[in-house]
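Let me begin by presenting the structure, written as structure tokens, before commenting on it.
Every number here is computed from the coordinates shown, using simple stated rules; none is lab data. From a predicted model like this one, the values you see are computed outputs, not experimental measurements. Positions of Cβ are backbone-derived with ideal geometry, glycine not excepted, and every protein chain shown enters the neighbour counts.
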């Protein structure tokens, strides 16, 4: 990874989301590791440290220390350990640490808590959520295999992407009930298809019942 100041500014202009997070300073170890873990389990992402929540470059006094901490978090707080790329970028004077977390082919990764517990996390919109139930099952299958999908299943994936997270609706609006209504399907049939795609690791859901919201991975 070799990001330029122009590329950093481009990311800032787009705001936070499923694959980008801003931090003015690096938070405490567990909170920072949650973001790294969630990125790796979902689509990968970019953590920019030295940037305010509104996307203004604040800069860091000791970026090398932040870089070293992120490397340590990826090794010691997450299992299996993450292979991340960390870089200090001079953004027209102030220095920012950019941490790129690739989508992991060996997911799921777990956050190792101080109690000895393991917590699986995914990225939903601009936040990190605990994965359980069907979502955790999908992470463990980790197949992401699109071969053999029907035209309707491909339509679902494209529709979920188009109704994904926005700044005003960070979780997105893609529910089974909404898709069924817009495409003149029974909810039962739509639910079977959504569950299949989640089981293939192509969708990730959050919430329960008819309010469960889906995002494309």
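For the chain, take the longest principal axis of its alpha carbons; what is the angle in degrees between that and the long axis of helix 5-14, to the nearest 10 within 0 to 90?
Around 40 degrees separate the two axes.
With an 8 Å Cα cut-off and a minimum separation of 6 or more residues, compute the relative contact order for the chain in percent.
Values: 419 pairs, mean separation 41.3, N = 217.
Relative contact order here is 19 percent.
Candidates (1) 51, 40, 29; (2) 57, 38, 29; (3) 64, 40, 33; which is the computed Cα extents along the principal axes in Å?
Read-out from the structure maps to (2).
Looking at the chain, what % of its DSSP beta bridges pair antiparallel, to the nearest 5?
The antiparallel fraction comes to roughly 85 percent.
Listed highest first by mean packing, meaning other Cβ atoms within 10 Å per residue, what order do 46-58, 6-18 come in?
Answer by packing, highest mean first, reads 46-58, 6-18.
I'd like the distance between the alpha-carbon centres of region 30-104 and region 117-131, rounded to an integer number of Å.
Result: 16 Å between the Cα centres.
Taking Cα atoms, how many degrees apart are the long axis of helix 63-76 and the longest axis of the chain, rounded to 10 and kept between 0 and 90?
So the inclination is approximately 40 degrees.
For the Cα atoms of the chain, what angle does the longest principal axis make with the long axis of helix 187-199, in degrees from 0 to 90, nearest 10?
Result, in degrees: 40.
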